[in-house]
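> Got a structure for you, written out below as structure tokens; questions coming shortly.
The values are calculated or read from the model by the stated rules, or taken from the named source; none is laboratory data. Please read all numbers here as calculations on a predicted model, not as lab measurements. Every residue, glycine among them, receives a Cβ derived from its backbone with ideal geometry; neighbour counts consider all protein chains shown. Remember, those area values only see protein heavy atoms, side chains included, never the ligands or the DNA or RNA. Shrake-Rupley method; radii C 1.70, N 1.55, O 1.52, S 1.80 Å.
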Amino acid sequence: HGGAGLASFTMILSAARSCLLLVVASSLHAASAFLALPLAGVRISSAARVSSKLPVSWAAAPLPQLRSRGMVQGGLLRVSASAVFPEAMSSEDTTLGDELVRRIAAAKKGDTIVLEKGVYNLEATLEIDKQLTLTSAEGLTYRDVLIQGYAPDYYVDNGLILVTGQLENEPVIIRGVSVYYREGTKVAKSSSIRVDRGSADIQECHLYADMGSGLCVDGPTGHALVQQCRIGPCCWNGNAARLGYGIVADAGAKLRVVNSEISHCSKSGVACAGSAATQGFVSGCKIRACGISAIAAEGMNTVVQCIKLNFGVVRLDPMAEFGGGKCVFLDDSYTEWQI
């Protein structure tokens, strides 16, 4: 009986193994179909092949002091596994959104607009063309305040919130809110927040989009500082024809991303592009689950400097260089994101 029992047990294990292999094969096939992205002319870079170190220059300037909300631990946001794919709050009422539009229009340079808990539904792009602060009320976090709206279903470079017209040293401060760009868009520059020839300091926010990017910074006078934010998912729906970067900077913009978490982006987590010396600096960030790479640099004179990064699963490699762009590790090392 012992031999027969052992044989039966072996057959059961064999059958289970076959089922597991079938499931894995099916999953890999689906993933490869989703990630079948054009990669012609791409050169993948790794930490081992990074050589020359560049001066940090402007990127090393002191960071503005963040208001403590008890949501940061060890310099990085605490994000539970169940919160990777956020659910939009159910309200479709535009009352709060309409009120926000009126308050922004009436605000003067230097004003602070405080948002109470709720859903702020926007029916069109919210343009901020003056220096001001948009913040959740004391004691609230991005989980309590949601600004959301629908993207148009055509090719358009736009954002749900458009920041424009500020000087580099007079940024719009956006703090402690979630911004969700819903459905529609077909281009990477269509994003939850777009900085176009303006300046923004984005703190302790969550940016995500159905069919676009979390943040776009457009030059040559576009500047953005991203601190202790959560970015993604961005276009994480299996449609490889849509462009979903976590953060993308273009055309000579300057971008700093510090102590933030970026995940579930159909393209790259952070990408800098263009031939007008676009500059990126990424420090102390966790980046995973991206369709191409964690960091990407595209175009001559485009440089992304990186330090103290933690990478998780990406499609190809932590770094991708396109058309002469450079990814530079200032500390020649990175660690693997253990998930």
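> Under a point spin-label approximation (7 Å from Cα along Cα-to-Cβ), what is the ALA124-GLU99 distance to one decimal in nm?
Once both label points are built, they end up 2.2 nm from each other.
> With every protein chain present, what accessible area does LYS109 have (1.4 Å probe, heavy atoms only), rounded to the nearest 10 Å²?
LYS109 has an accessible surface of roughly 130 Å² with all protein chains in place.
> Right, something else. Just add up the charged neighbours of GLY118: K/R +1, D/E -1, any other residue whose Cβ is under 11 Å from the Cβ of GLY118. Could you put the intermediate results ahead of the total?
Numbers: positive: LYS117; negative: ASP93, GLU99, GLU116, ASP144.
Residues near GLY118 contribute -3 overall.
> Which order, highest average first, do 115-128, 213-226 follow once you tally other Cβ atoms within 10 Å for each residue and take the mean per peptide?
Values: 115-128: 18.1, 213-226: 26.2.
Highest mean packing first, the order is 213-226, 115-128.
> Same structure, new question: Which FRET efficiency value, to the nearest 0.05, do you get for ALA137 and GLU168 by plugging their Cβ-Cβ distance into 1/(1 + (r/R0)^6) with R0 = 30 Å?
That gives a FRET efficiency of 0.60.
> Not counting ligands, DNA or RNA, and with a 1.4 Å probe, what is THR112's accessible surface area in Å² rounded to the nearest 10?
Taking all protein chains as shown, THR112 has close to 80 Å².
> Please give the length that would be gained between ALA106 and ALA276 if that part of the chain were fully extended, namely 0.36 nm times their separation in residues minus their C-alpha to C-alpha distance (nm, one decimal).
Numbers: separation 170, 0.36 × 170 = 61.20 nm, distance 3.56 nm.
Result for the pair: 57.6 nm of gain on full extension.
> Greater than 30 Å separation of Cα atoms is the criterion. Which listed pairs, LYS117/LYS254; LYS108/LYS254; LYS117/LYS267; LYS109/LYS286; LYS130/LYS308, meet it? Don't jump to the answer; show the numbers that get you there.
On the way: LYS117/LYS254 32 Å; LYS108/LYS254 26 Å; LYS117/LYS267 32 Å; LYS109/LYS286 35 Å; LYS130/LYS308 34 Å.
Correct reply: LYS117/LYS254; LYS117/LYS267; LYS109/LYS286; LYS130/LYS308.
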